[in-house]
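First comes the structure, then the notes that go with it.
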Amino acid sequence: MAKPILGYWDCRGVAEPIRYLLHYKKIDFEDKRYTTDGAGCEIWKKEKFNLGLDFPNLPYFIDGDLKITQSITIMRYLGHKHGLSYNSKEQQVRTMVAEQQSVEFRQKLNSFTLGYECEIAGKNEFLESVQPMFQQWENFLGNRQFVAGDNLTYVDFMVYEVLDLYRELQEKILDDYQSLKVYFNSIKKLPELQEYLNSPTHLSQPSFK
């Protein structure tokens, strides 16, 4: 059987949490990356409508006869398939809340990084404005090891990624949030992720697409 294919631009973007999950579970997959230059865009345009995708877009994930798009849908599918989903109603609610909140948290940074908020606020002003959001994450996490509780779920890779993106902007941004800092470091130090995190295929930049 052919190995699964993850298709996305050659950057971190919204596909990076998917890569984390796949590497964590030691899934042998093809990490198909389209370069972000003109040549890569042309290749994607030629392939876009010939892959059998219902809604052609990046990222896409092909797993045998299953062909899906939308990053969160892919994360949910892989989480359920590989035992990285919630185990109770309470965990389900926490996972769903954290999933949506991580998207909003990332979009906030995305808007600033791409220059929309830069027009009205500088870096320091932006970082000050998001402190309440960090405090909300700190309170939400509490003394739990992972977002859902004691077990790692797919959403932890989404939360970890957005925290890492904020750390790119301000390296010490987690220092005032002890639970978040411990949580972040525990994900980063997962033995199953070390090979990927220390490989040249794991990019620090560019982050957004």
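Of the GluC sites (Glu not before Pro) found in the stretch 137-209, those that fall in a DSSP loop while having at most 15 other beta-carbon atoms within 10 Å are Glu171. If the viscosity is 0.692 mPa s and the temperature 37 °C, what translational diffusion coefficient in µm²/s does Stokes-Einstein give for the chain when Rh comes from Kirkwood over Cα pairs? Rounded to a whole number, D works out at 182 µm²/s. Ranked from largest to smallest solvent-accessible area, with a 1.4 Å probe on the protein heavy atoms, Arg33, Arg76 come out as Arg76, Arg33.
Of all aspartates and glutamates in the structure, the ones whose alpha carbon falls short of 20 Å from that of Lys188, not counting any fewer than 8 places away in one chain, are Glu16, Glu99, Glu138, Asp150, Asp156, Glu161, Asp164, Glu168, Glu171, Asp175, Asp176. Ligands, DNA and RNA are left out, and with a 1.4 angstrom probe the accessible area of the chain is 52 Å² per residue. Restricting the stretch 71-180 to chymotrypsin sites (Phe, Trp or Tyr not before Pro) that sit in a DSSP loop and have at most 14 other Cβ atoms within 10 Å of their own Cβ leaves Tyr116.
With 0.36 nm allotted per residue and the present C-alpha distance subtracted, the Thr201-Ser179 stretch has 5.0 nm of extension available. Per-residue surface analysis assigns Asp31 an accessible area of about 50 Å², computed on protein heavy atoms at 1.4 Å probe radius.
Sorted from greatest to least, the principal axis extents spanned by the alpha carbons of the stretch 40-150 come out as 46, 43, 16 Å.
Annotation: lysines with alpha-carbon distance below 22 angstrom to Lys108 (same-chain offsets under eight excluded): Lys123, Lys172, Lys181, Lys209.
The values are calculated or read from the model by the stated rules, or taken from the named source; none is laboratory data. Note that this is a predicted model, so its numbers are computed, not measured. A quick note on method: Cβ atoms are made from the backbone with ideal geometry, for glycine too, and the neighbour counts reach across all protein chains shown. Note: accessible area is taken over every heavy atom of the protein model, side chains too, but ligands, DNA and RNA are not part of it. Shrake-Rupley method; radii C 1.70, N 1.55, O 1.52, S 1.80 Å.
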